[in-house]
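In what follows, a structure is listed as structure tokens, so that the remarks can point back to it.
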Amino acid sequence: MTPPYLEDRSPGYGALPPRAAVSSDARSLCLNGDWRFRLSPDAASAPDGISDDGFDDADWSELAVPSNWQLHGYGAPAYTNVRYPFPVEPPFVPSENPTGDYRLRFELGPQWLAEPAVLRFDGVDSCARVWLNGRELGVTRGSRLPVEFDVTSVLRAGANLLAVRVHQWSSGSYLEDQDMWWLSGIFRDVTLLARPAGGITDYFLRADYDHWSGAGTLRVETPAAARISVPELGIRGYPVDAPIEVGAVEPWSAEVPRLYDGELYTDTERVPLRIGFRTVAIEGGQLRVNGRRILFKGVNRHEHHPEHGRAVPREVALQDVLMMKRHNINAVRTSHYPPHPEFLELCDRYGLWVVDECDLETHGFELLDWAGNPTDDPAWADACLDRMRRTVERDKNRPSVILWSLGNECHTGANLAAMAEWTRGRDDTRPVHYEGDADCAYVDVHSRMYADHNEVDRIGRRDDENTRRRELPFILCEYAHAMGTGPGGLLEYRELFERYPNCQGGFVWEWIDHGIARRDAAGRAYFGYGGDFGEPLHDGNFCADGLVFPDRTPSPGLLELAKVHEPVRITASPEGIRLANHYDFATLAHLAFHWTLEEQGVEVTKGTLDVPDVPPGAAVELALPELATTHGETWLTVWAVLAEDTPWAAAGHAVAWGQVPIVPGAEVPPAIVPGAEVPPPTGTAVTRSPGGLELGIAGFDPRTGLLTDLAGHRVRGPRLELWRAPTDNDRGGPHPEDAAWRAVGLHRAQHRVISVHADRTELVVRTRVAPAAVGFGLLANYRWTASGDAVRLRLDVEPDGEWPVTLPRLGLGMAVPGEFDRVAWFGGGPGEAYPDSRQAARISRFSSRVDDLQTPQVFPQENGTRIDVRWARLTSATGAGLRIDGSPPFGLAARRWTAADLDAATHTVDLRPGEPVELSLDLAQHGLGTASCGPGVLPHYELRAHPASLTLVFSVLA
Ligand code: GAL
């Protein structure tokens, strides 16, 4: 039998009214640590009497609090996106309901008995029943929300015994169907707090900023007879029963997060304050802060750690904030629940706009056509409202929080409308967001997820029949699904956000891959995802869709986002260089500008630029600096860096860069026509040897016309390839490209050698490449010539017949000796890039080991291609190797496995390095798009069969 309290729809019982997350000088005791622990397979088999002093827990083990028990050897994590992993018959939950019993003995001095006290849990998943010293305190639900119990009359001087019974499933689980791992336990802090009589139990501090006068106003609401001091503003001991006009202040913004230290106090308690003055308003169809339109360059952040699950250590939360700031991210949506309260303090301090979201999602009801959806059922009204109250009350004093969000993917319903109404009544300083209110009947902001570029364009033009919606500011609460390689199309979203004042940016889905650290039988580390833990129902790697990998190393997508969102746009102009300030509030005064001039990617000279202070939204044009004369391909790269240390990055940290192509002597920088210096064909003759055909340094197989060696180095290819290991985006959407490609057999294209013809100084190999069973294909002609110690290949490709599908890739595959595992190139870098995700690639000279060119996607797929490569060198430790020059510049990938191996692998450890280095020398690739959830590849980034040519020159490096 399931205990009745588990399946009652209420929020629980026994809790104190919610209040602000207050830290004060009142006595407190952190109860985190190793607790006695026992997991029972169901509630019925959990032992009786765990709250009794005399209960014997000697055979229990220990578990750290905070933690998720599934990550410490109890049960297993399970991942589902939309589907509930149990039958949907609300509010009932399975009898097989893993139940964790916790016991903690702690000592208290007699001073604890002198005043009231509360016991606070910051997060318990999903339902807890709590006893202190044998007395039941209550039951709580709302996993990512705080709860407090009054323990005044229960505490003992000396030994105390806290017992907590936590159930994995409860009625609350129906309200917590977020797309993430199902993880249980006491996963946030547990604290005992003294509540001095006459202390500050709660307060609501509103610090408004009047952008016309520059003045601030403090409004403090508290049941206590408190006073406030903000010494920097000359406020000392003011009563708080009326608004306080504080005169001129510096406002708080995500860009300039100015905080004033203060104190709220009574005779018995002092609460330190960090006050940020700011006013959020919706005016003229725009969301404005301090009178200015803001642009969200945001991300959705789940709390995830590959070893600790949702018990994210504080230093890791700080790492998230610092990484966001360093990658030009200015906003966070706390998807899909209030984060650990300290995270918001970090946002206040370092400067991030926050959309604080309630812990509420009922997405699984969508599969029942929303029948029985709790958000529209009066029986669940209290539970819904309780969650919103606990969110708002806890976080109401955070300046970084500028929007409240009712939850995620709950469809719509009266309970949501009631939550919105209550929120507005409680807090008149922040608008309400909820994406599921499609008509915007009870929200203040129009929000969509994964709207494609065309839809955003339409919204920008206010082309909408719904008059209410049309008048509201628009945000994408989720877009650019960062799953696997990608996302593609970020630049085009930015262009829309900048074109239309009512389109105020969005939040990339999502910050981090929810991979879980594992090891294979050989002890090799990798990250697991849905289905790796024996879950009968799961959603595979759909949880690996972040801008950072599970270990928080940045993915190429994060670097692309940082470049797309850079706050200074540096471009060529008729004057020379144009610097545009894209901050909403900050001038460019905190930045220094320096430049380097590179010829063939090698620095020739460098200098600094004198830049006047440019206000937000303005631009300046500067003459080119005096530049040295160069002869080869030359680029001027201008960097905008922090002039001084900031709390989030050191002086010299680059926030933006831009490149200007330079042709010496030209007055205006022209568009560059890059190209390798390709030697003309000469008269080296093709000869026949017993082993095959020879042309200069090259040996060929006379039957296939493929290279077999270059100056004695064994090679294979180059040969036309159409396949790439499909990305998550290729596999996504209602009409996956991957399926279309496989349906016609592009993953198993066959090569027919039409002719291998040696014509004195030229070897001409004609082929046709096509999959089985279809009539269309590609004609590929290879013309080889030689000169000295170089051979030159001219490849001409032409479609044969009508192609009904796009192509994943048009490139050459070639294997070179495994010892050539060092790559240097002149072209786009340092990271990977694809047609619709290439802003972060600049033209310079780069080098890397082959192994380090790989992007460790949790689910292996196409990755690591460098673009616009003019030349590349592949060498061994001794410097011996090959040089490949290309015209036009080509795409380059080098791997220790083939595209087929990459395609077959499902985890990083499946990729076993082979002997040769496999090269991809690409004419083109299909774009990436974000079809794993959202729009596919924009038409101009699609790769269609078309006539194409590439010239490559292979030379040997001794
Ligand atoms: C959205 C949802 C997110 C996540 C995302 C796909 O619909 O709000 O929680 O599931 O799709 O990764």
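Read-outs: derived from the displayed coordinates by stated rules, not from any lab. This structure is a prediction, so every number in the text was calculated from the model and none was measured. No Cβ is skipped: glycine too gets one built from the backbone with ideal geometry, and neighbour counts run over all protein chains shown.
Specify which residue in the list 225, 692, 521 is farthest towards the positive end of the charge dipole of the chain, using unit charges on the beta carbon of Lys, Arg (+1) and Asp, Glu (-1), about the Cα centre.
Of 225, 692, 521, it is 692.
Dividing the convex hull volume of the alpha carbon atoms of the chain by its residue count, what do you get in Å³ per residue?
183 Å³
Restricting to Cα atoms and excluding each atom paired with itself, what does the Kirkwood estimate give for the range 204-280 in Å?
About 12.5 Å, per the Kirkwood formula over Cα pairs.
For the chain, what is the relative contact order in percent, using Cα pairs closer than 8 Å and at least 6 residues apart in sequence?
9 percent
Straight-line reach from residue 606: which lysines have Cα under 16 Å away, leaving out those fewer than 8 places along the same chain?
Output for residue 606: empty list, no partners.
For the range 812-854 and the range 725-751, what is the separation of their Cα centres, given in Å?
One Cα centre to the other: 24 Å.
Amide H to amide H under 5 Å from residue 812: which residues, 5+ apart in sequence or cross-chain, H placed 1.01 Å off N in plane?
Under 5 Å from the amide H of residue 812: 721, 921, 922, 923.
Per DSSP H run of n ≥ 4, the term is -39500 (n - 2.57); total these for the chain, divide by its residue number, and report the mean residue ellipticity at 222 nm rounded to 500 deg cm²/dmol.
-3000 deg cm²/dmol
Under the rule that an exposed site lies in a DSSP loop and has at most 14 other Cβ atoms within 10 Å, name the longest stretch of the chain with no GluC sites (Glu not before Pro) of that kind, not counting the sites themselves.
For GluC sites (Glu not before Pro) (loop position, at most 14 other Cβ atoms within 10 Å), the longest site-free span of the chain is 97-306.
Throw me the Rg/Rh for the range 696-957, computed over C-alpha atoms with Kirkwood Rh, two decimals.
0.95
Subtracting the Cα-Cα distance from 0.36 nm times the residue separation, let me have the gained length for residue 150 to residue 824 in nm, one decimal. Spell out each step's value before the answer.
On the way: separation 674, 0.36 × 674 = 242.64 nm, distance 6.59 nm.
Computed gain between residue 150 and residue 824 is 236.1 nm.
Please work out the Cα center distance from the range 203-268 to the range 436-465, rounded to the nearest Å.
Result: 36 Å between the Cα centres.
With only alpha-carbon pairs counted, each pair once and no self-pairs, how large is the Kirkwood hydrodynamic radius of the range 4-194 in angstroms?
17.0 Å
Find the relative contact order for the range 1-115 and round it to a whole percent, using C-alpha pairs within less than 8 Å whose residues are 6+ positions apart.
Computed over the range 1-115, the figure is 37 percent.
Starting with the fewest neighbours, write out 869, 22 ranked by other beta-carbon atoms found within 10 Å of each beta-carbon.
Ranking 869, 22 by Cβ neighbours within 10 Å, fewest first, gives 22, 869.
Would you mind estimating how fast the range 282-562 diffuses translationally, via Stokes-Einstein at 10 °C and 1.306 mPa s with the Kirkwood radius over Cα pairs, in µm²/s?
Here the translational diffusion coefficient equals 82 µm²/s.
So what J values fall out for the range 479-488 if you push phi through Karplus, 6.51 cos²θ - 1.76 cosθ + 1.60 with θ = phi - 60°, rounded to Hz, Gly and Pro as x?
Rounded to whole hertz, the list is 6, 6, 4, 8, 8, x, 6, x, x, x.
Considering the dipole of the chain built from charges on the beta carbon (Lys and Arg +1, Asp and Glu -1) around the Cα centre, which of 201, 20, 73 is farthest to its positive end?
73
Just to confirm the number: angle between the C-alpha axis of helix 414-426 and the first principal axis of the chain, 0 to 90 degrees, nearest 10?
70 degrees
Let me check against my output: what whole-number percent is the relative contact order of the range 69-179, with C-alpha pairs under 8 Å and at least 6 apart?
37 percent
Using a basic spin-label model with each label point 7 Å from the Cα along Cα→Cβ, how many nm lie between residue 753 and residue 569?
Those two pseudo-labels are separated by 5.3 nm.
The range 140-154 to the range 765-804: how many Å between their Cα centroids?
71 Å
How large is the translational diffusion coefficient of the range 566-667 in µm² per second when you combine the Kirkwood radius over alpha carbon pairs with Stokes-Einstein at 4 °C and 1.567 mPa s?
It diffuses with D of about 92 µm²/s by this estimate.
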